[in-house]
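Asks: First the structure, then my questions, so here it is.
The values are calculated or read from the model by the stated rules, or taken from the named source; none is laboratory data. Note that the structure is predicted; figures quoted are calculated from it, not measured. Glycine also receives a Cβ, built like all others from the backbone with ideal geometry; neighbour counts cover every protein chain displayed. Surface accessibility is based on the protein's heavy atoms, side chains included, excluding ligands, DNA and RNA. Shrake-Rupley method; radii C 1.70, N 1.55, O 1.52, S 1.80 Å.
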Amino acid sequence: GSQAQGLPVCSPEQLPEMEFDRIVIASMYVHPIRTQLLALGVPSEKIALSLAALSHLALCCARDGNHTEATRLAQIATTSYGESSTLPLRAELAMQSEEWASAILLFEQALANHPAPAPSTWVARLICAYRKMNQLDQAATIAHRGLTLYPNDAKILLQTADLAMVRERWSEAMEFFS
């Protein structure tokens, strides 16, 4: 009886009585749900994954060191949901692969395309990527903007403190830990 993003949410028991073009799995428990759907007779070509589910799987693969599968899942997400929708995912995959320049470009694009205010995590990750590239002035600029928008965000505060330590500005770094 409920809905998610304007689409009906149904229990598996209801499926045999329904006609549908596609079922979208919007959970991180993709494998057991997909297995259950196949056991209920749903054809595999009618089973799709939400952007969130694809992103979760891709990031898990990247964290496990399977960058080939992570890239494949990101490509599926991009084909299914579009370039701009997958910018944060691709930026995070670039971070996981330590491709700092790509991560910077993708997070900058994601921030530019997202209505304000964009997620604070993107800002924190962008600060980190600039710091990893040793572009400390640019990292500081982003940190200042981030703290203006999100003055109490733990991730931005931590990245800003790390930046101050890299710059050997000890008193400034200590301010973020008090």
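Asks: Starting from segment 42-58, take each residue that is farther than 14 Å from Ala74 by Cα and open to solvent by 30 Å² or more (accessible area, probe 1.4 Å) and list its partners that are assigned to a helix (DSSP H, G or I) and of a type outside the set (S, T, N, Q), counting only C-beta distances under 9 angstrom and pairs at least six apart or across chains.
Replies: From residues that are farther than 14 Å from Ala74 by Cα and open to solvent by 30 Å² or more (accessible area, probe 1.4 Å), the pairs are Ser44/Arg34; Ser44/Leu37; Ser44/Leu38; Lys46/Leu37.
Asks: Consider segment 96-135. How many of its residues are among the aliphatic types (A, V, I, L, M) and in contact with a Lys or Arg (Cβ under 6 Å, 6 or more places away or on another chain)?
Replies: Of the residues in segment 96-135, 2 are among the aliphatic types (A, V, I, L, M) and in contact with a Lys or Arg (Cβ under 6 Å, 6 or more places away or on another chain).
Asks: Of everything in segment 73-99 that's open to solvent by 80 Å² or more (accessible area, probe 1.4 Å) and acidic (Asp, Glu), which residue is farthest from Tyr130 (Cα to Cα)?
Replies: Glu83
Asks: Being crowded, with 17+ Cβ neighbours inside 10 Å and among the acidic types (Asp, Glu) is the filter; apply it to segment 137-178 and report the residue that is nearest to the chain's Cα centre (by Cα).
Replies: Once the filter is applied, the top-ranked residue is Asp153.
Asks: Then there is this: Do we have Ala129 as of a type in the set (A, V, I, L, M), under 23 Å from Ala94 (Cα atoms) and not in a helix (DSSP H, G or I) here?
Replies: Answer is no for this residue.
Asks: Right, here's the next one. Among the residues that make up segment 110-119, is at least one of them part of a helix (DSSP H, G or I) and either crowded, with 18+ Cβ neighbours inside 10 Å or in contact with a strand residue (DSSP E or B) (Cβ under 6 Å, 6 or more places away or on another chain) (or both)?
Replies: The answer is yes, given that some residue of segment 110-119 is part of a helix (DSSP H, G or I) and either crowded, with 18+ Cβ neighbours inside 10 Å or in contact with a strand residue (DSSP E or B) (Cβ under 6 Å, 6 or more places away or on another chain) (or both).
Asks: Moving to a separate point now. Out of the residues in segment 1-41 that are part of a helix (DSSP H, G or I) and in contact with a Gly (Cβ under 9 Å, 6 or more places away or on another chain), which is most open to solvent (accessible area, probe 1.4 Å)?
Replies: Top of the filtered list is Pro16.
Asks: Kindly evaluate Ala70 against the criterion of being over 30 Å from Met18 (Cβ atoms), crowded, with 16+ Cβ neighbours inside 10 Å and in contact with a helix residue (DSSP H, G or I) (Cβ under 9 Å, 6 or more places away or on another chain).
Replies: Against the criterion (over 30 Å from Met18 (Cβ atoms), crowded, with 16+ Cβ neighbours inside 10 Å and in contact with a helix residue (DSSP H, G or I) (Cβ under 9 Å, 6 or more places away or on another chain)), Ala70 qualifies.
Asks: While we're on this one: Out of curiosity, is Ser97 of a type in the set (Ser, Thr, Tyr) and within 27 Å of Asp153 (Cβ to Cβ)?
Replies: Judged against the criteria, Ser97 is a match.
Asks: A further question follows. Of all the residues that make up segment 46-60, how many are touching a Lys or Arg at 6+ places or on another chain (Cβ under 9 Å) and either of a type in the set (A, V, I, L, M) or at pLDDT 95 or above (or both)?
Replies: Final tally of qualifying residues: 4.
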